[in-house]
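Asks: Attaching a single structure in structure tokens format; questions to follow.
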Amino acid sequence: MLRRNDYLMRIIVCLKQAVDVSQLKVDQATRQLLIAGAPKKISDFDKNALEEAVRIKEKIGNAEIFTLTVTAEDARTVLREALAMGADKAYVVNDTSLKDVDTLGTAYVLSEAIKKIGEFNLILCGETSLDSFSGLVGPRLAEFLGLPQLSSVRKLSVDGDTIVAERALEDAVETVKAKMPALVMVTREINQPRIPSLMMIMKASKKEIVSLAVADLGIQKEKLDPKIEVMEVLAPKTERKKIKITGENALEIADKLAKALIQEGVVGKR
Amino acid sequence: MSEHKGVWVFSEKHDLALEIIGKAREIADKLQTELATVLIGFNLQPKVDELIKCGADKVYIIENQSLERFQIDSYLGILYNLAVNYKPEIILISSTRNGKPLAARLATRLQVGCAPDCAKLSIDEHGRLVGERITYGGNAAARITFKSKPQIATVPSRAFVKPQPKDRSGQVIKLDVKAEEPKTGIVDVKPLETSSVRIEDADVIISCGRGLEKKEDKTMLDELATVLCGQVGCSRPLAEDRKWFTEWVGLSGHKVKPKLYIACGISGVIQHVAGIRDAKVIVAINKDEQAPIFEVADYGIVGNLYEILPALKEALKNLLQ
């Protein structure tokens, strides 16, 4: 049943512009990642968060969706996609001074930007990010804003000023509820993000991208100093034998493999 | 910063706390400091003895019926209070769905750094904790250290081995810390079927990818798994796109470290490879000679899995008799 809200629900979706890890190249000689040249996209998990926001809006009608991105690089291309998917407005804090911030600094900037944006009912984020895969920013943001936090959410529903979420834990599925405002982190199971139609892409070009400067957010610069030090980031060494097993037919190949596995001591009777 | 002392371990899951203690004991010895575990919950007494026998010098107990089930706000408030009072230099927390956000928020409340999912931990020449984690979708391993204390890291399951219990004694400290009122309410808890063994615990995993043509063909893998006392897994597309499985092996699914991993019809995208990196022996069976899985395999077979798998089952059955 369609249940319309009697108030305008504002949803803020935090979007990370992430390195497309499937297109990341490695310099085999130095094992360095060629990050500078890698294409960027909306972090997959955040796309699920945005899709969920759009679905909530479709269901309750009276809602608006803002996206918020904190980045040290231009993100307009990525934000156009978010607007095409159904966001109403995109906020971006793009400042080169954010180049070395860690998850604490990122969450701090997000929290200050959200205070600047004003009232909201729900913050949606991805469970983790496609590139760094740390999953720290969502909880840190909930902490900065003192919000109820619901993580690992695979199903979400809104009922008046309450949200009900299904959390996927290792050994159980937990149904949890909270009063809004709240922060929800979604898993990739929650939905299948839509691919914007040409019409939606055209419409998105008229939507607004609002730039917020670090200077306007009343950010204390010293709070952006990283608390962790990344000592090195290197492609792992692969120390595999890479032995090709060949033979006249499947039986011969299978026999050779079986003997090799017994030799390795990785198969046997219990 | 120098006033911080001691290594702490916290997990809402007892078996994971024991695994982490295995490494934490080594770290505490290296730093010549004590190892403490924090136990939060209800009916905790049965766990205390094992924590000490496995290496804890101290066990802090915060026991209350309202704490029986993990809730982030109450657990966080307790850990924060303890950390401010006792000032540990290292806090290790299990990388579970509840543990990770707990670590992140504790680090935020304390305004310090957090290194998530560290499968390796060490102490550098300055006495700092160094964590190593997989990042960039499996393309790289990052080594991270800290500029503030306490140094908080989360540790994935099976990264370390539960130590053999020894006859040793420790101090038990019961504390009465007032828990914060949770901001979320648990409506319902449905345990997942625990009948199936966790894939992380399997010694042998036979996994299939897009090369498997029909769902029913999975029986071919099941039969081989039976011979090898192993389990069947899959890559992400078979679970997420085709819905033939509910879970998958890979960076975003289960990270496994079996003795033997047989990848059948799996191309070997970097995210999948990141989930099997710690396997002792990897076998790849794939029709496509160019499949990247061969680059990370110990034994590679360019061939049709529909012919190889039944033949392999027979060969192993005969040889292992």
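No lab work stands behind these numbers, since they all come straight from the coordinates. Source: prediction; values computed, not measured. We place every Cβ from the backbone using ideal geometry, glycine too, and count neighbours over all the protein chains shown.
Asks: Please arrange A:189, B:3 by how many other C-beta atoms lie within 10 Å of their C-beta, fewest to most.
Replies: On the way: A:189 17, B:3 7.
Neighbour counts put them in this order, fewest first: B:3, A:189.
Asks: Fewest Cβ neighbours within 10 Å first, please rank A:7, B:261, B:60, B:75 accordingly.
Replies: So the ranking, lowest neighbour count to highest, is A:7, B:60, B:75, B:261.
Asks: In addition: Quick one: Karplus J couplings for segment A:185-201, per residue in order, coefficients 6.51, -1.76, 1.60, θ = phi - 60°, nearest Hz, x for Gly and Pro?
Replies: 10, 9, 8, 6, 5, 4, 6, 10, x, 6, 9, x, 7, 4, 4, 5, 5
Asks: How much length, in nm to one decimal, is gained on full extension between residue B:215 and residue B:125, taken as 0.36 nm per residue of separation minus their Cα-Cα distance? Intermediate results must be reported in sequence, preceding the final value.
Replies: On the way: separation 90, 0.36 × 90 = 32.40 nm, distance 5.33 nm.
Taking 0.36 nm per residue and subtracting the Cα distance, the gain is 27.1 nm.
Asks: Taking only the Cα atoms of segment B:148-276, how large is their convex hull per residue, in Å³?
Replies: Hull volume normalised by residue count: 234 Å³.
Asks: Can you compute the FRET efficiency between residue A:201 and residue A:115 using 1/(1 + (r/R0)^6), with r the Cβ-Cβ distance and R0 = 35 Å? Round to the nearest 0.05.
Replies: It comes to 0.65.
Asks: Rounded to whole Å and sorted largest first, list the principal axis extents of the Cα atoms in segment A:160-270.
Replies: 69, 41, 40 Å, listed from the longest principal axis down.
Asks: Can you list residues whose amide H is under 5 Å from residue B:254's amide H, if they're 5+ apart or on another chain and H is modeled 1.01 Å from N?
Replies: Excluding prolines and chain starts, which carry no amide H, the hits are B:248, B:249.
Asks: Now, a different point. Given the options B:20, B:186, B:123, state which has the largest fluctuation in a GNM of chain B using a 10 Å cut-off (strictly under) for Cα springs.
Replies: Maximum fluctuation in the GNM of chain B, among the listed residues, is at B:186.
Asks: Okay, next question. Give, rounded to the nearest 20 debye, the magnitude of the charge dipole that chain B has about its Cα centre when Lys and Arg contribute +1 at Cβ and Asp and Glu contribute -1 at Cβ. Don't skip to the answer; put the middle values down first.
Replies: Values: 44 positive and 42 negative charges, 128 e Å.
It works out to roughly 620 debye.
Asks: Further question on the same structure: Considering just Cα atoms, how many Å³ per residue does the convex hull of chain A enclose?
Replies: So the per-residue Cα hull volume is 224 Å³.
Asks: Can you work out the Karplus-derived ³J(HN,Hα) for every residue in segment A:115-132? Use 6.51 cos²θ - 1.76 cosθ + 1.60 with θ = phi - 60°, whole Hz, and x for glycine or proline.
Replies: 4, 5, 5, x, 4, 7, 10, 9, 10, 10, 9, x, 4, 7, 10, 4, 8, 7
Asks: Would you grab the residues whose amide H sits under 5 Å from the one on residue A:91? Only those 5+ places off in sequence or on another chain, please, with H modelled 1.01 Å from N.
Replies: A:67, A:68, A:69, A:210
Asks: Based on the Cβ-Cβ distance from residue B:30 to residue A:29, what FRET efficiency comes out when R0 is 30 Å, to the nearest 0.05?
Replies: 0.30
Asks: How big is the gap, in Å, between the Cα center of segment A:223-270 and the Cα center of segment B:164-227?
Replies: Between the Cα centre of segment A:223-270 and that of segment B:164-227, the gap is 24 Å.
Asks: Could you work out the relative contact order of chain A? I mean the mean sequence separation of Cα pairs under 8 Å and 6+ apart, divided by the number of residues, in percent.
Replies: 22 percent
Asks: With a 10 Å cut-off between alpha carbons and a GNM built on chain B, which of B:295, B:200, B:307 moves the most?
Replies: Of the options given, B:307 has the highest mean-square fluctuation.
Asks: Could you list, bin by bin from short to long, the percent of Cα-Cα pairs of segment A:73-189 in 10 Å steps?
Replies: Per 10 Å bin, starting at 0, the Cα pair percentages come out as 12, 39, 39, 9, 0.
Asks: If you rank A:112, B:12, A:252 by fewest surrounding Cβ atoms within 10 Å, what's the result?
Replies: A:252, B:12, A:112
Asks: Same structure, new question: Restricting to segment B:199-319, what percent of DSSP beta bridges are antiparallel, rounded to 5?
Replies: Bridges in segment B:199-319 are about 0 percent antiparallel.
Asks: Given H placed 1.01 Å from N in the peptide plane, which residues other than close sequence neighbours of residue A:63 have an amide H under 5 Å from its amide H?
Replies: A:9
Asks: Among B:122, A:158, A:245, whose Cα sits farthest toward the positive end of the charge dipole of the protein assembly as shown (+1 at Cβ of Lys/Arg, -1 at Cβ of Asp/Glu, about the Cα centre)?
Replies: A:158
Asks: Evaluate 2.2 N^0.38 Å with N set to the residue count of segment B:121-221, then give the Cα radius of gyration divided by it.
Replies: Segment B:121-221 yields a ratio of 1.71.
Asks: Then there is this: Whole-Hz Karplus ³J(HN,Hα) for segment A:45-56, in order, using 6.51 cos²θ - 1.76 cosθ + 1.60 and θ = phi - 60°, x for Gly and Pro?
Replies: Result, rounded to whole Hz: 5, 5, 5, 4, 5, 5, 4, 5, 4, 5, 5, 4.
Asks: Show log10 I(q)/I(0) for segment B:7-174 at q = 0.12, 0.15, 0.20 Å⁻¹, two decimals, from a solvent-free Debye sum over equal Cα scatterers.
Replies: Debye output, listed in q order: -0.48, -0.76, -1.42.
Asks: Do you know the relative contact order of chain B, to the nearest whole percent, from alpha carbon pairs under 8 angstrom that are 6+ apart?
Replies: 15 percent
Asks: Which of B:184, B:165, B:205 sits closest to the plus end of the dipole of segment B:163-262, meaning its Cα is farthest towards the positive end, when Lys and Arg get +1 and Asp and Glu get -1 on the C-beta?
Replies: B:165
Asks: Grab the beta carbon distance between residue A:216 and residue A:100, set R0 = 22 Å, and tell me the FRET efficiency rounded to 0.05. Display every interim value, and only then the final one.
Replies: Working: r = 21 Å, r/R0 = 0.94.
Computed FRET efficiency for residue A:216 and residue A:100 comes out at 0.60.
Asks: Then there's this: About its Cα centre, how strong a charge dipole does the protein assembly as shown have in debye, to the nearest 20, once Lys and Arg get +1 and Asp and Glu get -1 at the Cβ?
Replies: The calculation lands at about 260 debye.
Asks: Continuing with the same structure: Go ahead and estimate [θ] at 222 nm for the protein assembly as shown from helices alone: -39,500 (n - 2.57) per DSSP H run with n ≥ 4, summed, over the residue count, rounded to 500.
Replies: Helices in the protein assembly as shown give a 222 nm mean residue ellipticity of -8500 deg cm²/dmol.
Asks: Could you tell me the relative contact order of segment B:7-174? Use alpha-carbon pairs under 8 Å, at least six residues apart, and round to a whole percent. Mind dumping the intermediate values first?
Replies: Values: 338 pairs, mean separation 51.1, N = 168.
Taking the mean separation of contacting Cα pairs over the length of segment B:7-174, I get 30 percent.
Asks: log10 I(q)/I(0), Debye, Cα-only segment B:77-178, no solvent, q = 0.10, 0.15, 0.21, 0.24 Å⁻¹?
Replies: -0.32, -0.71, -1.20, -1.34
Asks: For chain A, set up a GNM with springs between Cα atoms under 10 Å and report which of A:34, A:50, A:156 has the largest fluctuation.
Replies: A:34
Asks: In whole angstrom, how far apart do the alpha carbon centroids of segment A:67-111 and segment A:1-65 sit?
Replies: Answer, in whole Å: 11.
Asks: Tell me the Kirkwood hydrodynamic radius of the protein assembly as shown in angstroms, computed as one over the mean inverse distance between distinct C-alpha pairs.
Replies: Every distinct Cα pair counted, the radius reaches 25.4 Å.
Asks: Still on this structure: How many times 2.2 N^0.38 Å is the alpha carbon radius of gyration of chain B? Spell out each step's value before the answer.
Replies: Values: Rg = 22.1 Å, N = 321, 2.2 N^0.38 = 19.7 Å.
Ratio of Cα Rg to 2.2 N^0.38 Å: 1.12.
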